[in-house]
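Novice: The structure that follows is given in the form of structure tokens.
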Amino acid sequence: LQFPPGFLWGTATSAHQVEGNNHNNQWAEWEQQPGHIWRGDRSGLACNWWQAAEQDFALMQQMHLKTHRLSVEWSRIEPQPGQFDTAALDRYRQMLADLHSRGIKPMVTLHHFTNPLWLEQAGGWERPEVVARFQNYVRVVAAALHDQCDLWLTINEPLVYLAQGWFRGIWPPQRPFSLTALRVYRHLLLARAAAYRTIHAVQPDAMVGAAMAIRLFLPSN
């Protein structure tokens, strides 16, 4: 088996899992409650990427990786509705620029399971207003980072997010077997389409997609 020319071998991370000290999203709040995380673990400082991501970028370079997918944390960028943190955007620009300097093509995910607390408290993805709010956030991020990135993922594994939060109910907001899931699914689809259009309005030649979770089944005799 041979991969085609230009195939991008790489790695992926999500902001909440690696950055550390993300305190302003629903997962940070949820993981403080006993029984939610195995052994009572907390994300805490995580891998301290917010201060030292470049150390891992150097390891990626040594491994001759060609791309890395990272997510930007909505609650860092927009800690309060309509208030955007330019210092956070500047830090993400530094990360993307460092990847470029090492010959590693960055790919940015705009939503990887976490929501700002203010959004969650306003009803999160169950409310139709989330589509416009997400679109506005995407517009700000695309305007700030488009010269450092032309590969974008709008929403990471939306069906996983939906299933774990509203069908199985084992992730926040813990709504098992909820018909609200259908409303959430609609909003996720509308938000993804809005993000696609918004990025292309800022960066017409961008490649925009979504990360999907797929299970393969091989039949047997």
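The values are calculated or read from the model by the stated rules, or taken from the named source; none is laboratory data. What you see is a predicted model, and the numbers here were worked out from it, not measured in a lab. Cβ placement follows ideal geometry from the backbone for every residue including glycine, while neighbour counts extend to all protein chains displayed. Surface areas here come from the heavy atoms of the whole protein model, side chains and all, with no ligands, DNA or RNA. Shrake-Rupley method; radii C 1.70, N 1.55, O 1.52, S 1.80 Å.
Novice: Report the residue count in segment 86-131 for those that are open to solvent by 60 Å² or more (accessible area, probe 1.4 Å) and touching a Pro at 6+ places or on another chain (Cβ under 9 Å).
Specialist: Residues that pass the stated criteria total 1.
Novice: I need the full set of residues from segment 13-68 which are open to solvent by 50 Å² or more (accessible area, probe 1.4 Å) and among the polar types (S, T, N, Q), in order please.
Specialist: The answer is Q17, N21, Q32, Q33, Q51, Q55, Q61, Q62.
Listed here are the residues, each with its yes/no results for (1) polar (S, T, N, Q); (2) open to solvent by less than 20 Å² (accessible area, probe 1.4 Å); (3) outside any strand (DSSP E or B).
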| residue | (1), (2), (3) |
| --- | --- |
| Q148 | yes, no, yes |
| L162 | no, yes, yes |
| P204 | no, no, yes |
| V208 | no, no, no |
| P219 | no, no, yes |
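Novice: Please determine, by comparing only the residues of segment 173-202 that are charged (D, E, K, R) and within 26 Å of M107 (Cα to Cα), which one is least open to solvent (accessible area, probe 1.4 Å). Show your work before the answer.
Specialist: If we filter segment 173-202 for residues that are charged (D, E, K, R), which is where we start, we get 175, 183, 186, 192, 197.
Those still in the list that are within 26 Å of M107 (Cα to Cα) too: 186, 192, 197.
Details: R186: 144, R192: 78, R197: 145 Å².
The qualifying residue least open to solvent (accessible area, probe 1.4 Å) is R192.
Novice: If you take just the helices (runs of 4 or more DSSP H) that sit entirely in segment 1-115, which of them hold at least 1 residues that are under 14 Å from the mean Cα position of the chain (by Cα)?
Specialist: On the way: elements: 15-18, 26-30, 49-62, 74-77, 86-101.
Per the criteria, 15-18, 26-30, 74-77, 86-101.
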